[in-house]
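Working notes for the structure below.
A short reminder: the numbers here are calculations on the coordinates, not readings from a lab. Just so it is clear, the structure is predicted and the values come from calculations on it, not from any experiment. Here Cβ is always computed from backbone atoms with ideal geometry, including for glycine, and neighbour counts include all displayed protein chains.
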Amino acid sequence: MDLSGMPKVATDDHSIINNGFYPDLSTAELMSDYGVSPEYQQASINKLTLAMHQINRELTGFAKLHWHSVSTLNELPDGETLSLFYKKAVYSLTKATLLISRLGQSHRDKGAAQQVQAVDNEQFWRIESNSAMQYLMAESGYLSVSLL
């Protein structure tokens, strides 16, 4: 079931090979799950690769400190759930970077423009990405507080 409101269009699935620790990513999954139009397929490959590297870099310190005993994210307890959070973080960041301000492209009335802006804007998707990163680290069971 497609809830994006877009008709099904055949798209090429480009797999983005990750570093071996985190799961590989797919442009088809990005387009179907996050409502990215197929016309942005080529741009999505580049943006997805950049978002993957950014999320990997942001998780580097945490991974070295807490996940050093395993060779893949899926080997951790709840690894499948952690992989879902990882993908959500990357795909949400990718969508945020793909969004083009719709307000500047058309002459909609103010109410319609505000509705579009509230639901589907860059800030929303960046918050989704950050939230998924926080869940990823919290779900791994390694976040703790130490008393000084």
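What residues qualify as long-range amide H neighbours of SER26, i.e. H under 5 Å apart, gap of 5 or more or another chain, H built at 1.01 Å from N?
Those qualifying (amide H under 5 Å, at least 5 residues apart or on another chain) are ILE16.
Can you list the aspartates and glutamates whose alpha carbon is less than 19 Å from that of LYS95, not counting same-chain residues fewer than 8 positions off?
List returned: ASP2, ASP12, ASP13, ASP24, GLU29, ASP33, GLU39, GLU58, ASP120, GLU122, GLU128.
Could I have the simple spin-label model distance between ASP78 and ALA28, label points 7 Å from Cα toward Cβ, reported in nm to one decimal?
With each label point 7 Å from Cα toward Cβ, the separation is 3.0 nm.
How far apart, in nm, are two points set 7 Å out from the Cα along the Cα-to-Cβ line at GLN123 and at SER37?
Taking the two extended label points, one gets 2.4 nm.
Order these peptides, 53-65, 83-95, 19-31, by their mean beta-carbon neighbour count within 10 angstrom, highest first.
Top to bottom by mean Cβ count within 10 Å: 83-95, 19-31, 53-65.
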